[in-house]
């Protein structure tokens, strides 16, 4: 997941991987961020490759780039526990409703970050919850992701009616620019673009994403043994900004930490909202994770699936906060993200 990228440079670097031999790779005015320029042609779009399952197509039949010829195609690379992807989805679904009849086909390419995001029933539930009406390709082995040289969640690639890649945007934002390209490729005037319905991310988020499992652990105040055995920890009396501490019994796994007896997870962050990816204990349909925010009772998180949960949403602008979670034994925590 990512909070922010240098989009002009990133777009050009990634699109050069699709550039046909001998073509001019200089950025177009539109791809560089000025609506109304002549769009660059980055050559034929790579085909859908290694798709595990197709969701939202008649009979689950696969789509092909050849079969989509004649329509403008927007590929949205996403994964359902990514807060940046979820904040982008209102815009993408709005484009689907607004431009489908005019010739736009949106295809969500679901490329999972965590192991539980490979599970198709989990993806179906996320599709329903987020009111996604366009097809979704389950790219569990990252083969389509790799074919596009992609590196980001979310990422949008726009493909013209002849099947050529013309534009890309990585991360949140750039909605007006992307919509201008959609309209240009559809043959509609870009000057009449309405306001974006998407949620605008906060510019004053100071805390980066924090991963809790051994493979990408960051932000810990303590040192966690790199083994899956249960260990006892004492919660630090103070936390530095953008750090987490744990108390009670925990097991350290590759993607997650697993709560044991008296498990407490404490976080000091600066943002408007804090989100956490959680998993209920094996065999449990639902558990409740109690929270406190700045020493006061917070919200109870009803954890009934491997998913992203909003752990704190204090009123007002982004500020420093201390969040504490009390996790029942067997509950897993994967990461924190902020917005």
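If only residues of region 121-141 that are over 22 Å from residue 95 (Cα atoms) and surrounded by 15 or more Cβ atoms within 10 Å (Cβ to Cβ) are counted, the one that is farthest from the chain's Cα centre (by Cα) is 141. For region 277-293, the condition holds for at least one residue, the condition being that it is closer than 21 Å to residue 129 by Cα and touching a residue at least 60 places away in the same chain (Cβ under 8 Å). Please indicate, with yes or no, whether at least one residue in region 100-108 is surrounded by fewer than 17 Cβ atoms within 10 Å (Cβ to Cβ), under 30 Å from residue 278 (Cβ atoms), in the same structural domain as residue 186 (by TED's automatic domain parsing) and at pLDDT 95 or above. No: region 100-108 contains no residue that is surrounded by fewer than 17 Cβ atoms within 10 Å (Cβ to Cβ), under 30 Å from residue 278 (Cβ atoms), in the same structural domain as residue 186 (by TED's automatic domain parsing) and at pLDDT 95 or above. Among the candidates 333, 318, the residue that is under 25 Å from residue 124 (Cα atoms), surrounded by 15 or more Cβ atoms within 10 Å (Cβ to Cβ) and touching a residue at least 60 places away in the same chain (Cβ under 8 Å) is uniquely 333. As for region 279-298, it holds at least one residue that is surrounded by 15 or more Cβ atoms within 10 Å (Cβ to Cβ), in the same structural domain as residue 232 (by TED's automatic domain parsing) and touching a helix residue (DSSP H, G or I) at 6+ places or on another chain (Cβ under 9 Å). One residue stands out among those in region 213-251 that are over 19 Å from residue 322 (Cα atoms) and within 23 Å of the chain's Cα centre (by Cα): the one that is surrounded by the fewest Cβ atoms within 10 Å (Cβ to Cβ), which is 215.
The values are calculated or read from the model by the stated rules, or taken from the named source; none is laboratory data. Every value quoted in this text rests on a predicted model; they were computed, and no experiment measured them. As a convention, Cβ positions derive from the backbone with ideal geometry for all residues, glycine included, and neighbour counts pool all protein chains shown.
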